[in-house]
Every structure is written in structure tokens, then in C-alpha cells.
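The values are calculated or read from the model by the stated rules, or taken from the named source; none is laboratory data. This one's a predicted model, so the numbers in the text were calculated from it and none came from an experiment. Methodologically, a virtual Cβ is constructed for each residue, glycine included, from the backbone with ideal geometry; neighbour enumeration extends over all protein chains shown. Each accessible area value is taken on the protein alone, full model and side chains, heavy atoms only, with ligands, DNA and RNA left out. Shrake-Rupley method; radii C 1.70, N 1.55, O 1.52, S 1.80 Å.
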Amino acid sequence: MENKTNDQNVTTRRSFLKSGAIAAAAFTIVPRHVLGGNGFLAPSDRLIIAGIGVGGKGQSDIAMFHKSGKADIGFLCDVDTRRAANSVKAFPKAKFYKDWREMLDKESKNFDAVSVSTPDHNHAVQAMAAMQLGKHVYVQKPLTHDIYEARALTAAAKKYKVVTQMGNQGASNDGPRQMKEWYDAGLIGDVHTVYAWTDRPVWPQGIPWSTNKAEVPKELDWDLWLGTAPYKDYVDKLVPFNWRGWWDYGTGALGDMGCHLLEAPFSVLNLKYASEVQASVGTVYVDEFKRGYFPDSCPPSSHVTLKFPKTDKTKGEVTVHWMDGGIQPERPEELEANEVFGDGGNGTLFIGTKGKMMASTYSADPRLLPLSRNKSINVPERFARVKDGANGHYAQWVEACIAGHGKKEVSSPFEIAGPLTEALLMANLAIRGVDVQAKDAQGRTIYPGRNIKLLWDNDSMKVTNFDAVNQFVKREYRKGWTLGA
């Protein structure tokens, strides 16, 4: 997308209406109680949102923004009119576009903020283009597909001074705040190890790419859906959901659930950037002793170990274990035989020098172990709660956008969401390294990325001891697509 200089500096609709000279020429904003009672919001106090990707999760996102009572959905954009149909029906006054670049180019003066809820591989270019226009952005998790993109969006949010939020709603739950209070009060001592696990993927992984080409549905713009990804012919059962299991588009179970389950360790322990990572993955056998090789697809399961440097909240390094595909850590001895670990399929466990605590998905229902300890907790509340918790994640961003950059706190701004996303994507480097092939001196195929630890240079954003995986730190976009700065 070509971004015109005058568009980059355009004022938002809200500031346009607040401008004294222009507002006087058009109409005068009078106190809201005169216009419509105490609950009425003057036009200058409403956020006008443009949605990119408005089916599925995007549909529920914009519905929640509107439910805040302080946002209007002014524009809808989706490459698939079938997926967009419910949102178009729900917001009949919103103008619809298929191409987000056209919408930003033609309508940028008419909205304040952009919600991005598209497949992972297009998050960065869409969010960056919006920020360059001075628009506040809400981006679904994971923030980006690549580490380089996450670093770039984090820097751009600071540069353009816009309000940002990643869609990991659990960051607004009471759980992370309560666990911070418990940890700061010393209830579990110094945390040195964290486990997070999920029953995802709940879509196919560890499979070959389909060889059966299918006809592109007339409602879908396939080329626009591909966006930054390499061109491939359309195949059935990829859109709208199963793309998550393919490296060209998704980031696997880590991308889907990691931002939900690892947000609490990041916020409780002030984790930032990992220093090393290693992984083992589940394998698929296609015949007797014949291991399948499907490098385009995420594996069916994985166990990743990340090492984080000491922070101001820890006495030493912190080891974080990630497990997916139904793999779970050993049950803590403090749990009784029939007590549920996490929430069954997902969970997070903190192990400290004086005790343990765990939580469920979205960091909900935090508990000290053994569970009997929870009957006598007496720790003062120090961190303000977000109204409505995870559901309030949306209204929190809306209100922060209306207030303006730096005026109100949000739970998952890019300065926090960026490093969190990078850690997950670094874990994916180790997972993808398992399938990197090479030839030994005798010409035999070997896999040098298996059974090793990757060492990370955070400043230069590269692995220092296995260069082959650095190609995944910053992928090459398809011709015609670029990421601004």
C-alpha cells in the first residue's frame, strides 16, 4: 500500500470535531446532557472504528467494541463476503470494502481506530499501515507472524503515539493482578520455573499440503487473503480456520494460545526477551519406521523450553516450559488425586522457592497450592481491576483511544504484547528448526536443528549458533507487499 504523506498526518475525526475553528464553522458541540441526557455521548466522545477481518473472531471483536456504548463501527472490510455477512447485517450503516488498502486510502479521515482480526501472516502490514495514518489499533493475537514484525510494530506504536492493544483478553482479567499481589507479598517465594500447557491444536497439523486444487468461492478474494504469503492455488479446508496449522499463514498452537497462557508469567515476573530455547516435537509416521516429513505444517505436539534472564522480580533466570497437543507437566504433589490441574485442557503453573500457584485459561481462577491455602489468604488489593475482566478488555481500549495516547492504561499495549509475542515466535524457531535439512559429508540427509539449544542475540534478532532458522525471523513477503516503519 502506498501511504501518502498528507494522509499520515491527518487528524482523527474526534480531534477534527474538537478543533475550534472548524467546529464553529460546522456546528457547536454543546454539553451532552442538553443533547440527550446524562448517558448521551457527544460525537467528539465516540470512537469510530474500521474493522479489517469482520467474520469469526473479528465479528465478536467489533460487536464487543460497540457494546461498550462508546464506539461506532463505521467501516467493515473482509476478503470473504460470506464471513462478513453477519457483521454487515449487524451494522448496516457501515460502509463495506473487500480491500483494506482501499479502505484506508479512501476513508482514513472518517475513522479513529482500526481492529485487525485476520490470519496471522497479514497482521503486521495491516496494523502498520493503520498506525502510519495515526490510527489507534487493536490486533488479534498473536500480534505478528514473525519476530521482526513484532519488533517493528512495538517501535511503531511508540513512534506514532497511538493507543494499542493485543487481543489476549486474559490480560484484563483479575487473575494476573491477583497473582502479582500474591507474588509480591512473597507467598510462593522466588519463581524459577513456569509451565504452560494447552490441548490445542484443535485443527489438523503434521499433515501434507493438499494436492487437490479446488475452485475459489466467488465470495472470496483469494489473492487478497494470501496477502504477504507466497502464492499457492486455493485448496479446500484451509479457509476460514485451518490455516493456523500452516507456517505460511499461522503460528500453530503457540500463536493461538501462548499469548493467553503466558501473559501472566510475563506480567507477574516482568519477563521480557528470552536468551535461549530448545524444542522437541511429536512425530507422524507414514509407514513402518518411516517418519513423515511435512515442513510446511506445524507439528501435532511440542514441548519447548525457554530461558529468560533475571528480572527485577526474580533472583535468577527463569525457565518457562510450553507444552501443546495435549501434553501436560507432571501434576504437582500438592494437588489431590481428583483435583483439576489448571482447567483440564489448559493451564499455567508457577513454581517458587516457598510454594506454587496455578491458573486456568485467560489466567482465570488463580489458586495457591495446596488448594487449602486459598481459605486463609489475606493480601491487600494493590492493582486496579479492569471492569468486566476479559470482556472489559475491549471497552478499556475504546476508552483509552477516546482519552488519547498516554492518558489511560491498557492491559496489553504493544510495549508488553510485542516482547510476549517475540518469545512465542522464538519458541517457534526451535520447532521449525527440527525440520531443517542438510547434507553430511557422505551426501546423506541430516537434521542439524534437532536435539540442540538455540542461543539468541536479542539486539541483532538472530540465533547465533544455527543460522538456518534465521530465515524465519524475517520472512520474505510476496512481491508487492512491504512493511513500513
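Of the strands (runs of 3 or more DSSP E) lying entirely inside the range 130-207, not one carries at least 1 residues that are surrounded by 24 or more Cβ atoms within 10 Å (Cβ to Cβ) and modelled with pLDDT under 95.
Here are some residues: A485, A395, A390. Which one is closer than 24 Å to V137 by Cβ and modelled with pLDDT under 95?
That would be A485, the only listed residue that is closer than 24 Å to V137 by Cβ and modelled with pLDDT under 95.
For L455, are the conditions met, namely being modelled with pLDDT of 95 or more and more than 16 Å from T144 (Cβ to Cβ)? Judged against the criteria, L455 is a match.
Would you pick out the residues in the range 190-210 that are more than 18 Å from C298 (Cα to Cα) and not small (G, A, S)? Working first, answer last.
To start, the set of residues in the range 190-210 that are more than 18 Å from C298 (Cα to Cα) comprises 190-196.
D190, V191, H192, T193, V194, Y195, listed by residue number.
Taking the conditions (1) open to solvent by less than 20 Å² (accessible area, probe 1.4 Å); (2) at pLDDT below 95 in turn, T211 satisfies each one other than (1).
When A438 is tested against (1) open to solvent by less than 60 Å² (accessible area, probe 1.4 Å); (2) under 23 Å from M323 (Cα atoms); (3) among the hydrophobic types (A, V, I, L, M, F, W, C), just one condition goes unmet, and that condition is (2).
If we only count strands (runs of 3 or more DSSP E) wholly inside the range 248-351, which ones have 2 or more residues that are surrounded by 14 or more Cβ atoms within 10 Å (Cβ to Cβ) and at pLDDT 95 or above? Before you say what the answer is, go through the steps one by one.
Values: elements: 276-281, 285-287, 302-308, 318-324.
Output list reads 276-281, 302-308, 318-324.
Within the range 216-231, the set of residues being surrounded by fewer than 16 Cβ atoms within 10 Å (Cβ to Cβ) and either in contact with a Cys (Cβ under 9 Å, 6 or more places away or on another chain) or more than 20 Å from A85 (Cβ to Cβ) (or both) comprises D223, P230, Y231. With the requirement that a residue be loosely packed, with under 12 Cβ neighbours inside 10 Å and hydroxyl-bearing (S, T, Y), what does the range 441-463 give you? Matches in the range 441-463: T445, S460.
Looking at K67, K95, K106, can you tell me which residue is touching a strand residue (DSSP E or B) at 6+ places or on another chain (Cβ under 7 Å), open to solvent by 50 Å² or more (accessible area, probe 1.4 Å) and modelled with pLDDT of 95 or more? Going through K67, K95, K106 in turn, just one is touching a strand residue (DSSP E or B) at 6+ places or on another chain (Cβ under 7 Å), open to solvent by 50 Å² or more (accessible area, probe 1.4 Å) and modelled with pLDDT of 95 or more: K95. Among the residues in the range 448-461, are any polar (S, T, N, Q), touching a residue at least 40 places away in the same chain (Cβ under 8 Å) and in a helix (DSSP H, G or I)? No, the conditions are met nowhere in the range 448-461.
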